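First comes the structure, then the notes that go with it.
The values are calculated or read from the model by the stated rules, or taken from the named source; none is laboratory data. Values in this document were obtained by computation on a predicted structure and should not be read as measured data. Backbone-built Cβ (ideal geometry, glycine too); neighbour counts: all protein chains shown.
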Amino acid sequence: MRTALLFTLLPAFAWADSPLTSISFTASYGDLAVIQQSRDAQLNFLLQGSAPNDQKLAVMTALGWQAADNAARFVALLEAQRPGDVSPADRFVAGYLLALDDYLDLKKKGLQGKTALQLLDAAAKQLPNDFAVQYAHALVRAQRALNDPKMWCDVFRLPEDVKRKFPPEKRNLRPGALETADGYLYGYKKECTGSDAAKYEQLEALNQHYTVSRLGKQVVGATQGGVVVWQPEATKPVAKYDAYICSGLTHGGSVWAGCDMEVVRWDGKSFKTYLKGKRANDYFHPLAGPNGALWLTRGDKLWQYDAATDTFVKLSAPWRGDPYSAAVRANGETWWVDFLKALVVDGRRIEVRSPQYPGTDPRRVREDVKGTLWVEDFESGLFRYDDAKKVFVKVPGVEAKSSGVVRDDARGRYVQLHYTDGLVFVGDDGSVSKFPLRELDFMRDLMLDENGDLWVAGWKGLMRLRPDGASFGKQLFEAR
């Protein structure tokens, strides 16, 4: 699904296959005997001119889409029993069955050499006051809209428009059947710009953090929904920028966030964008380059920021392939992660499950301000690089799903972050203690500020932890 630094993500939509294959009206019409009968009996029922169209729609969803030949069998029966006699209801049935049989493409031709939508267009025009026909027509149009993410609002809007045109007393489809359809279709309401669902979805996405950065007194979160800026003592964000799946860092007096198809800079007062991509799933990732440079990666490509021209200049990348994570050390070494295979330093591979690196799933490589190189491993925990011995050493504390580490000199300890559990403190005296933060669901980044406060980038907001004796006071920052 998504790439570097992002750990485990879900696709933008996790709904079932499609409107046509996910919505069935059978349960709401379970009292009809034909629902439990054979396919031949159901196809013959669909030929009956006296059968109501809402019942026919329920029977068609009972027939389903798996057989993939129901439309052809219906047409054969129609031509055998009533040759040359095709009613609007027949076009409705032939069209919806063909749509079920060919739901991925909607290009197959059936009755009278027409496609599913052509048949349903005609039926809907001939039966303008039949709600079941109009609603079925809208579902097939919604199915077609599903093929283009830019049209996903129509998956919700088209059937909803039919409901608005017909008051409840004029709808010849049982309420329970519509509730079943709504349960699926409402998942796409958030794709409609300006809808309550869309606004809620955007706020939720702004609270789903990947990284947290500091800029003066401001704290900047790079999130699933863009970039959000906080003053630590404020209850509302200072600024927000809508984007998609961002990760950021502080560099040269700004916070730079790489997102899907764009790069965003926050300079403390305003946002500016760079390197607009041309297609979705083009994820940019900023990283500190050599000699104080700002690098930017996207797949196997690399750019460097030129402050004089305020542009990014393309470079030849020092890696082959698509690095899952990359870091340039103060000593000039360039490290990157070949996902599930190896760590690579200046072209030299260190295979996973090897004496040099005993871990199995390195996700992020980074160097701290003291020059220590760390690898966060999703399956094996946290590893520290021993520069003298040229090997990685497993660090006690987080045994798996490592997603962050900072050094707290004032308290003589390392603070580690577990992806789902929270914080683990490993003292210089060997002590280990834990502070659960499961209310954040997933945690991907950790920051220690100059006041000794810890900031955790969570999936339910940004958590500030202020030391309070042996414990912490919690403050949750949520975009609202």
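A compact table of results
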{"item": "Residues that are basic (K, R), surrounded by fewer than 19 Cβ atoms within 10 Å (Cβ to Cβ) and within 28 Å of the chain's Cα centre (by Cα), drawn from region 422-452", "result": "R438"}
{"item": "Subset of region 284-301 (residues that are small (G, A, S) and within 18 Å of R364 (Cα to Cα))", "result": "A288, G289, G299"}
{"item": "Residue in region 86-99 that is in a loop (DSSP other than H, G, I, E, B), modelled with pLDDT of 95 or more and farther than 19 Å from K125 by Cβ present", "result": "no"}
{"item": "Any pair with Cβ under 7 angstrom, 6 or more apart, that starts in region 157-168 at a residue that is assigned by TED's automatic domain parsing to the domain that holds A142 and ends at one that is assigned to a loop (DSSP other than H, G, I, E, B) and surrounded by 12 or more Cβ atoms within 10 Å (Cβ to Cβ)", "result": "R157/C192"}
{"item": "Residues being touching a Gly at 6+ places or on another chain (Cβ under 7 Å) and small (G, A, S) - total across region 266-306", "result": "1"}
{"item": "Residue within region 102-112 that is under 24 Å from V59 (Cα atoms), assigned to a helix (DSSP H, G or I) and either among the acidic types (D, E) or more than 22 Å from the chain's Cα centre (by Cα) (or both) present", "result": "yes"}
{"item": "Some residue of region 394-410 being outside any strand (DSSP E or B) and surrounded by fewer than 13 Cβ atoms within 10 Å (Cβ to Cβ)", "result": "yes"}
{"item": "Residue check for Y135: assigned to a helix (DSSP H, G or I), surrounded by 22 or more Cβ atoms within 10 Å (Cβ to Cβ) and aromatic (F, W, Y)", "result": "yes"}
{"item": "Residue among D453, D445, D421 that is in contact with a Gly (Cβ under 8 Å, 6 or more places away or on another chain), closer than 23 Å to A222 by Cα and among the acidic types (D, E)", "result": "D445"}
{"item": "Yes/no for W455 being touching a His at 6+ places or on another chain (Cβ under 8 Å), more than 20 Å from E399 (Cβ to Cβ) and surrounded by 15 or more Cβ atoms within 10 Å (Cβ to Cβ)", "result": "no"}
{"item": "The one condition in (1) over 25 Å from the mean Cα position of the chain (by Cα); (2) under 30 Å from L57 (Cβ atoms) that H251 fails to fulfil", "result": "(2)"}
{"item": "Strands (runs of 3 or more DSSP E) contained in region 218-272 and holding at least 2 residues closer than 17 Å to N207 by Cβ and at pLDDT 95 or above", "result": "218-223, 226-230, 239-242, 247-251, 254-259"}
{"item": "Meets criteria (in a strand (DSSP E or B), touching a strand residue (DSSP E or B) at 6+ places or on another chain (Cβ under 6 Å), more than 23 Å from L373 (Cα to Cα) and in contact (Cβ under 8 Å) with a residue 60 or more places away in the chain) for V212", "result": "no"}
{"item": "Hits in region 411-432 - residues which are within 21 Å of V369 (Cα to Cα) and part of a loop (DSSP other than H, G, I, E, B)", "result": "G412, D428"}
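Here is a yes/no grid of residues against (1) under 23 Å from D40 (Cβ atoms); (2) outside the structural domain of A145 (by TED's automatic domain parsing); (3) in contact with a Leu (Cβ under 9 Å, 6 or more places away or on another chain):
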{"position": "P83", "(1), (2), (3)": "yes, no, no"}
{"position": "P88", "(1), (2), (3)": "no, no, yes"}
{"position": "Y96", "(1), (2), (3)": "yes, no, yes"}
{"position": "D101", "(1), (2), (3)": "yes, no, no"}
{"position": "L111", "(1), (2), (3)": "yes, no, yes"}
{"position": "L119", "(1), (2), (3)": "yes, no, yes"}
{"position": "A124", "(1), (2), (3)": "no, no, no"}
